[in-house]
Amino acid sequence: MEALIPVINKLQDVFNTVGADIIQLPQIAVVGTQVKGDDNVMPLKHLVSSGKSSVLESLVGRDLLPRGTGIVTRRPLILQLVHVDPGDVRKNDDIGREGEEWGKFLHTKNKIYTDFDEIRQEIEDETERISGNNKGISDEPIHLKIFSPHVVNLTLVDLPGITKVPVGDQPKDIEIQIRDLILKHISNPNCIILAVTAANTDMATSEALKVAREVDSDGRRTLAVVTKLDLMDAGTDAMDVLMGRVIPVKLGLIGVVNRSQLDINNKKSVADAIRDEHAFLQKKYPSLANRNGTKYLARTLNRLLMHHIRDCLPELKTRINVLAAQYQSLLGSYGEPVEDQSATLLQLITKFATEYCNTIEGTAKYIETAELCGGARICYIFHETFGRTLECVDPLGGLSTIDILTAIRNATGPRPSLFVPEVSFELLVKKQVKRLEEPSLRCVELVHEEMQRIIQHCSNYSTQELQRFPKLHEAIVEVVTSLLRKRLPITNEMVHNLVAIELAYINTKHPDFADACGVMNNNIEEQRRNRMRELPAAVTRDKAPAAGPQGDADSTGAWRGMLKKGEDGPASGPGSPLKGAVNLLDVPVPVARKLSSREQRDCEVIERLIKSYFLIVRKNIQDSVPKAVMHFLVNHVKDSLQSELVGQLYKSGLLNELLTESEDMAQRRKEAADMLQALQKASQVIAEIRETHLW
């Protein structure tokens, strides 16, 4: 068990070298008040503080912490106490003097301090170096190791004291800054909270216990220390407090007696103070003397920390192994420093081209799960987007019955036609087929956009090495984009020609069209027969009256009637130049009228022919456009991508420029390598603990 604390100290040293706090090591954080209530106006620290520094010095057995008015501890001090055997003597190389107690700072490397006044001065200097001399605070810790035969193995974190009112030129939010700093440390679930409170204050309003309760509501990892037992008002004692009846903490409560300011001024040693403390406890609290005092506090902290480390160790080991694997993977993604530039460039180009093609084929290593991409999206564009768009195109869209009738009349010229002219069918069907060109070109555009997106997909997921070389990445994107841009007009031209081919020759002998015409003719003939059956027998063609004199007279009468009506009509008005003539230009053309049966039949024939032929062409376009896009764009880019990249980029003059790493990549690689090394070393440290040490 005793070996566990040095293990944590070793781990602390390991992670100090990389300056990271990704591992939450077991530790003891010391929390106390600096200024309490309105007492901040009082200048002497021993009157306004909880005695936190005095407790720490009692544990060390030496005066080593800065003292003064206001906030003295302005940076976290990670204090590692290392017990050494009395015979184990270290030589100070700088001074050439031997001593049984010495200290070492992390920031001064291997320099050894045997004079504790120098240690105090170094703490002050290092504090001012980072935090300045304006009583501001910093969360960057100072690491100090104390080697002594008079200490127990212990690791403590001395945090700035809680204050209420800024003094001097301190920031206005100094209270919030200190609280945030304290909470950052004690929020660590592997941290034991040492809450220091003065006995001559109201325990119910203790700031240290209050802030501890915020992160440890049930008090499972809080140990309370009551200081200044000798400064309580006459006639009062701390019996209820020391018995645990006032402060609800699970780890216990220990009372201590600090040195007074007068004792410190008179250079009273810590050893003498501990003897006087023992005498005071025996006299004032004889029944509790053996469970209070500085020595008991040191042993309790040592025991608590050992048991706490034992409980945290399995999880700590797992966490270190997981992080080591993560940093190994991260370091792998950063790649090794480039030695052979030509080989590296060719390898990256080949890998990108392969991943690009694999993404189209659907065999890429990294398959997107959030959305369709690559070849799957191209397939979706062909058969869902493009296919459905074509199916939504109405074969007769934009054509009204009047348009069809007008086309038929225009195709016959000045002569009335006996049959539906074929020219009108060709004219109208070409107009409808032309409407298939726009969605076909849009299909090419969508596939081109997707192939552009594949570049980014490969850069982000497949070839992370490209992120190391931003200029190479830009060059590859430019080459592929240029290749796609070059193939786009060629593919568009081919798709345009596919529609133009359909327009160039209307094949009315197409097997599917001939079958449709045969069926349609049968239907029309059947409808004609049905109409003939419905006509009355009196007006059938066989029994129609012959045109005789009477008929001629009727005809002549009819014409006369029409002319007579014309004479009485508006055309014979006073403004007409020719009385009795009809001015056809003045007669309005009807916009909509009821079609004759002949006109209706002709329109139906044309509509059915257009629809039948349009569906044949649409089927052809729906099949041929994806094939053209695949051949002229997708497959061509796949086949020529690598040769294009090699031809454009694999040049000796471009090697240095293309393989220049991003500015922070070398730094990130070094940080990842250092962290991986620290984690591996930490794993070795934990692995050295024999299983028997855990029990």
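The values are calculated or read from the model by the stated rules, or taken from the named source; none is laboratory data. Quick caveat, the model's predicted, so the values are computed rather than measured. Here Cβ is always computed from backbone atoms with ideal geometry, including for glycine, and neighbour counts include all displayed protein chains. Just the protein is used for accessible areas: all its heavy atoms, side chains included, with ligands, DNA and RNA removed. Shrake-Rupley method; radii C 1.70, N 1.55, O 1.52, S 1.80 Å.
When region 620-677 is filtered for residues that are more than 30 Å from ASN321 (Cβ to Cβ), assigned to a helix (DSSP H, G or I) and acidic (Asp, Glu), the ones remaining, listed by number, are ASP623, ASP639, GLU644, GLU657.
LEU181 satisfies every condition listed in (1) outside any helix (DSSP H, G or I); (2) in contact (Cβ under 8 Å) with a residue 60 or more places away in the chain except (1).
Checked against (1) over 39 Å from the mean Cα position of the chain (by Cα); (2) at pLDDT 85 or above, VAL270 passes all but a single condition, namely (2).
Hey, could you check region 345-384 for residues that are among the acidic types (Asp, Glu) and exposed (fewer than 14 other Cβ atoms within 10 Å of the Cβ) and say which is nearest to the chain's Cα centre (by Cα)?
Selected residue: GLU371.
Filtering LYS228, LYS250 for residues that are open to solvent by 70 Å² or more (accessible area, probe 1.4 Å), touching a residue at least 12 places away in the same chain (Cβ under 8 Å), among the basic types (Lys, Arg) and touching a Gly at 6+ places or on another chain (Cβ under 8 Å) leaves a single hit, LYS250. Scanning region 45-102 for residues that are closer than 26 Å to LEU11 by Cβ, among the β-branched types (Val, Ile, Thr) and either modelled with pLDDT under 80 or in contact with an Asp or Glu (Cβ under 6 Å, 6 or more places away or on another chain) (or both) gives a single hit, THR73. Counting only residues that are in contact with an Asp or Glu (Cβ under 9 Å, 6 or more places away or on another chain) and outside any helix (DSSP H, G or I), region 375-414 holds 3 of them. Residue pairs whose Cβ atoms lie under 8 Å apart, sitting 6 or more positions apart in sequence or on different chains, and linking a residue in region 325-349 that is closer than 22 Å to ILE455 by Cα and in contact (Cβ under 8 Å) with a residue 60 or more places away in the chain to a partner that is open to solvent by 80 Å² or more (accessible area, probe 1.4 Å) and assigned to a loop (DSSP other than H, G, I, E, B), are LEU345/TYR650; LEU346/TYR650; ILE349/TYR650. For VAL685, are the conditions met, namely being under 21 Å from THR481 (Cβ atoms) and either touching a Gly at 6+ places or on another chain (Cβ under 6 Å) or open to solvent by less than 30 Å² (accessible area, probe 1.4 Å) (or both)? In short, no.
Put simply, of LEU242, LEU223 the only residue that is open to solvent by less than 60 Å² (accessible area, probe 1.4 Å) and at pLDDT 85 or above is LEU223. The residue that is nearest to PRO76 (Cα to Cα), among those in region 196-209 that are modelled with pLDDT under 90 and surrounded by 21 or more Cβ atoms within 10 Å (Cβ to Cβ), is ALA208. Somewhere in region 274-281, is a residue modelled with pLDDT under 85, surrounded by fewer than 21 Cβ atoms within 10 Å (Cβ to Cβ) and out of contact with any Ser or Thr (no Cβ under 6 Å at 6 or more places or on another chain)? Within region 274-281, not a single residue is modelled with pLDDT under 85, surrounded by fewer than 21 Cβ atoms within 10 Å (Cβ to Cβ) and out of contact with any Ser or Thr (no Cβ under 6 Å at 6 or more places or on another chain).
Filtered by the rule that a residue be surrounded by fewer than 16 Cβ atoms within 10 Å (Cβ to Cβ) and farther than 30 Å from GLU384 by Cβ, region 602-649 gives SER643, GLY647.
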